[in-house]
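Where a number appears in this text, it was derived from the coordinates with a stated rule and is not lab data. Please read these numbers as outputs of a predicted model, since none were measured by experiment. Every residue, glycine as well, gets a Cβ built from its backbone with ideal geometry; the counts of neighbours run over all protein chains shown.
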Amino acid sequence: MRYWLFKTEPSVWSWQDQVRRGGAGEQWDGVRNYQARNFMREMAIGDRGFFYHSQSERAIVGIVEICAEAHPDGTADGPRWECVDIRALAALPRPVTLDVIKADPRLADMALVRQPRLSVQPVTRQAWDIICALGGLPQG
DNA sequence: GCCAACGTTGGC
DNA sequence: GCCAACGTTGGC
């Protein structure tokens, strides 16, 4: 199983919106960046992801699961863009803020820190475990 | 709200 | 295929 991170502006699509979709999940559409698209192509059903709120919140707030592999993004005007479907699994008991992530030397290599504008990105198993622990989910 | 970083577009 | 212009993202 691999681990990922999905970034979103909560004013556009929030964790609450995601939770409301329930087990059916929702398409992670609207991505118009090749790096992000290519990561989505690598995703497999059952992979896990962090759900990150950008803008004023700047925190990882929940955990999602990939429930459909990459398929054409219906909101795009051509076949160029794809998206996966994700569903909410659990909220983090304590959201892990960007400040906390930046302050932790073990997380200094995260794309979230190094490439702030990349909206879909891989997360290492190590970083996953550290952030889950920081967020109050010691079992990951 | 500003601005730096960076990705994309389009003219050449 | 290069590169300048432009648009967008996201932290601050």
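The H on the amide N of A:Asp29, modeled in the peptide plane, is under 5 Å from the matching H of no residue at least 5 residues off or on a different chain.
About the centre of its Cα atoms, the range A:3-134 shows a dipole size close to 300 debye [charges on the beta carbon of Lys, Arg (+1) and Asp, Glu (-1) only; nearest 20 debye]. Say we join alpha carbon atoms closer than 10 Å with springs in a Gaussian network model of chain A; which of A:Ala76, A:Ala111, A:Ala36 then has the biggest fluctuation? Evaluated over chain A, the most mobile residue of the options is A:Ala76. Compute the distance from the alpha-carbon center of the range A:108-140 to that of the range A:1-47, in whole Å. So the separation of the two Cα centres works out to 15 Å. Amide H contacts under 5 Å for A:Leu89: A:Ile63, A:Val64, A:Glu65, restricted to partners 5 or more places along the chain or on a different chain, H placed in the peptide plane at 1.01 Å from N. For chain A, what does -39500 (n - 2.57) per DSSP helix run (n ≥ 4), summed and divided by total residues, give at 222 nm, in deg cm²/dmol to the nearest 500? Computed ellipticity for chain A at 222 nm equals -6000 deg cm²/dmol. Counting other Cβ atoms within 10 Å as a rough exposure proxy, the listed residues A:His53, A:His71 run A:His71, A:His53 from fewest neighbours to most.
Note on A:Ile45/A:Ala90: beta-carbon distance plugged into 1/(1 + (r/R0)^6) with R0 of 25 Å gives a FRET efficiency of 0.90.
Distance between the pseudo-spin-label points of A:Ala133 and A:Arg20 (7 Å out from Cα toward the beta carbon): 3.7 nm. Remark: spin-label model distance A:His71-A:Gln126 equals 3.7 nm, labels positioned 7 Å along the Cα→Cβ axis. Projecting the Cα positions of A:Ile86, A:Cys132, A:Gly22 onto the charge dipole of the range A:3-134 (unit charges on Cβ atoms of Lys, Arg, Asp and Glu, taken about the Cα centre) puts A:Cys132 furthest along the positive direction. In a reduced charge model with +1 at each Lys and Arg Cβ and -1 at each Asp and Glu Cβ, the range A:100-140 shows a dipole moment near 140 debye about its Cα centre. Against chain A, whose longest principal axis is taken from its Cα atoms, helix A:125-134 shows a tilt of about 60°. For the range A:79-93, backbone phi angles converted through the Karplus equation (6.51, -1.76, 1.60; θ = phi - 60°) give residue-by-residue couplings of x, 5, 9, 10, 8, 9, 10, 10, 10, 5, 9, 7, 7, 6, x Hz, Gly and Pro being listed as x.
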